[in-house]
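Participant: Right, I'll just put the structure down here and ask away after.
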Amino acid sequence: MTARFVLAAALGVASGICASTQASDYDSYFDTGERIALPDIGAGSYATAGDVLSDGRLIAVTGNSVYVESAVGSGLFDILATFDPSQTAGSTDPAFVTVSPFGSRIAVGTGYGKPVAVFGVDALGTPGAPTMLTAGTTADYFAIDHFDATWFDEQNLAITSGQYGSDSVVTLLDTTSNPTSPANPTIVAGIGGSPAGITFDADGMLFTGNGFTGSGPSETGYVKAFPESLWQQGLTGTAPGFEDEGTYIADLLSAASLGFDIEGNLFVGGGDMFASDYGYFALINSDALSDALAGIDLIDIDDPADVRRFDPEGSAVVGSYAVRFNEITGELYGGWADGYAPGAHVTWAVYAIPAPGSAVMMIASLPFVRRRRHA
């Protein structure tokens, strides 16, 4: 049984427990007031990118280093690995960090014109003794375009990418293929704009968007969903087109950060400055999402029952948020930077539910059963 189906079964049990013990997470998230300081943006970088390991600790990349939290919730980070400088020219400009569903592998988009690095969690070193992620030994480096990515399984990595003036695409990298000649077929084609975030739900449905208006007709923030049977056509034939196929979900922010919490609520980050749609991150109710996928009703982004807005620092302060979910702690993070140069501070606001209930504890006890995330 695959991770996806094991997880779906676990979530089915969990949803029954939640129903009897507490309101839905969608309604219950609140700003705890806690702020996690990720490592400041490092030399040669314009960002710090992060994700969550299977044990609940945070992992971050900036400069040419991989940082890991010393313990769950500590907010203290150690350098446990450095990238092969011959592959990164001495520094990353991290586009994404994403941990595989079983938690065994990590992929990092090391920046524009730089490769996607893939390595095992077991390749990480220890505090004071970081591992060098050397090409061909402790890591593989794939020279492919990338903006965002998420794992479909332990082997295949879905990647959004695009070049200025051209439509964007989603590809599926076989991370066991030869890095000098990678298997990376297109699985969604013709996104009429810049690449955006990407995620899968528990049924293998792919969600991605238009990150910035281009040739259209979709516009900044359009999110669409593609069932597994549709996007897999790209593996053996013609990939579905974003503009003409798939199911429209919503027009929200810039869709730059996508993922799911345990209940199947879809989070959306980014910001559309030109449309004055910025200064918050959003959560789409799983029920509203199900209705949209079934063709029953459209999602009303102005209806709080369909879409919640989170504004931890005030819309006048932060234009764009990245979003992540921690399945072990049940926390939702909204992250931002106070600048885009070395030394700038990167902060994640922590949202939680008042009483995580036995469902969250059950999932925490099964760290190998994990929902796919973005972000």
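Participant: Would you please name the residue that is surrounded by the fewest Cβ atoms within 10 Å (Cβ to Cβ), looking only at residues in the range 152-169 that are assigned to a loop (DSSP other than H, G, I, E, B), at pLDDT 95 or above and not acidic (Asp, Glu)?
Facilitator: It comes out as GLN155.
Participant: Which residues, counting only those in the range 217-231, are surrounded by fewer than 24 Cβ atoms within 10 Å (Cβ to Cβ) and either hydrophobic (A, V, I, L, M, F, W, C) or in contact (Cβ under 8 Å) with a residue 60 or more places away in the chain (or both)?
Facilitator: Scanning the range 217-231 gives ALA225, LEU230.
Participant: Take the conditions closer than 30 Å to ALA337 by Cβ and over 20 Å from the mean Cα position of the chain (by Cα) and apply them to ASP306. Does it pass?
Facilitator: yes
Participant: Is it true that TYR67 is part of a loop (DSSP other than H, G, I, E, B), modelled with pLDDT of 95 or more and of a type in the set (Phe, Trp, Tyr)?
Facilitator: Answer is no for this residue.
Participant: Would you be able to tell me the number of residues in the range 85-97 that are part of a loop (DSSP other than H, G, I, E, B) and either within 15 Å of VAL346 (Cα to Cα) or of a type in the set (Ser, Thr, Tyr) (or both)?
Facilitator: Counting residues in the range 85-97 that are part of a loop (DSSP other than H, G, I, E, B) and either within 15 Å of VAL346 (Cα to Cα) or of a type in the set (Ser, Thr, Tyr) (or both) gives 5.
Participant: Among the candidates VAL72, VAL52, which residue alone is surrounded by 23 or more Cβ atoms within 10 Å (Cβ to Cβ), on the phi < 0 side of the Ramachandran plot and either in contact (Cβ under 8 Å) with a residue 60 or more places away in the chain or under 19 Å from the mean Cα position of the chain (by Cα) (or both)?
Facilitator: VAL52
Participant: Which ones in the range 202-216 are under 20 Å from LEU173 (Cβ atoms) and either surrounded by fewer than 24 Cβ atoms within 10 Å (Cβ to Cβ) or modelled with pLDDT under 95 (or both)?
Facilitator: Those that are under 20 Å from LEU173 (Cβ atoms) and either surrounded by fewer than 24 Cβ atoms within 10 Å (Cβ to Cβ) or modelled with pLDDT under 95 (or both): GLY204, MET205.
Participant: Please work out if THR82 is under 15 Å from the mean Cα position of the chain (by Cα), in a strand (DSSP E or B) and among the polar types (S, T, N, Q).
Facilitator: The answer is no for THR82.
Participant: So, one more: What single numbered condition from (1) under 26 Å from ASP51 (Cα atoms); (2) without any contact (Cβ under 8 Å) to a residue 60 or more places away in the chain; (3) not hydroxyl-bearing (Ser, Thr, Tyr) fails to hold for ALA337?
Facilitator: (2)
Participant: Using beta carbons and a limit of 9 Å, which pairs, at least six apart or on different chains, have the first residue in the range 89-102 and under 30 Å from ASP203 (Cα atoms) and the second one in a loop (DSSP other than H, G, I, E, B) and acidic (Asp, Glu)?
Facilitator: SER100/ASP153; SER100/GLU154; PRO101/ASP153; PRO101/GLU154; PHE102/ASP153; PHE102/GLU154
Participant: Let me ask another. In the range 276-309, how many residues are assigned to a loop (DSSP other than H, G, I, E, B) and of a type in the set (A, V, I, L, M, F, W, C)?
Facilitator: The qualifying residues number 5.
Participant: Another question, if that's okay. Look through ALA375, ALA316, ALA344, ALA359 and report the one residue that is more than 18 Å from PHE207 (Cα to Cα), in a loop (DSSP other than H, G, I, E, B), at pLDDT below 95 and not polar (S, T, N, Q).
Facilitator: Exactly one residue qualifies, and that residue is ALA316.
Participant: So which pairs qualify, if the first residue must be in the range 299-327 and surrounded by fewer than 12 Cβ atoms within 10 Å (Cβ to Cβ), the second must be of a type in the set (S, T, N, Q), the Cβ gap must be under 9 Å, and the two must be at least 6 apart or on different chains?
Facilitator: So the pair list comes out as ALA305/ASN285.
Participant: Can you list residue pairs whose Cβ atoms sit under 7 Å apart, with the first residue in the range 113-134 being more than 13 Å from THR82 (Cβ to Cβ) and the second being of a type in the set (Lys, Arg) and outside any helix (DSSP H, G or I)? Count only pairs 6 or more apart in sequence or on different chains.
Facilitator: From residues that are more than 13 Å from THR82 (Cβ to Cβ), the pairs are VAL118/ARG105; GLY120/ARG105; VAL121/ARG105.
Participant: Can you find even one residue in the range 191-211 that is assigned to a loop (DSSP other than H, G, I, E, B) and more than 19 Å from LEU258 (Cβ to Cβ)?
Facilitator: No, the range 191-211 contains no residue that is assigned to a loop (DSSP other than H, G, I, E, B) and more than 19 Å from LEU258 (Cβ to Cβ).
Participant: Now for a different question. For residues that are over 30 Å from ASP153 (Cβ atoms), β-branched (Val, Ile, Thr) and at pLDDT 95 or above, scanning just the range 1-49, find the one that is surrounded by the fewest Cβ atoms within 10 Å (Cβ to Cβ).
Facilitator: Going through the qualifying residues, I end up with THR32.
The values are calculated or read from the model by the stated rules, or taken from the named source; none is laboratory data. Computed from a predicted structure; not experimentally measured. Because the Cβ atoms are built from the backbone with ideal geometry, glycine has one as well, and the counts that use them run over all protein chains shown.
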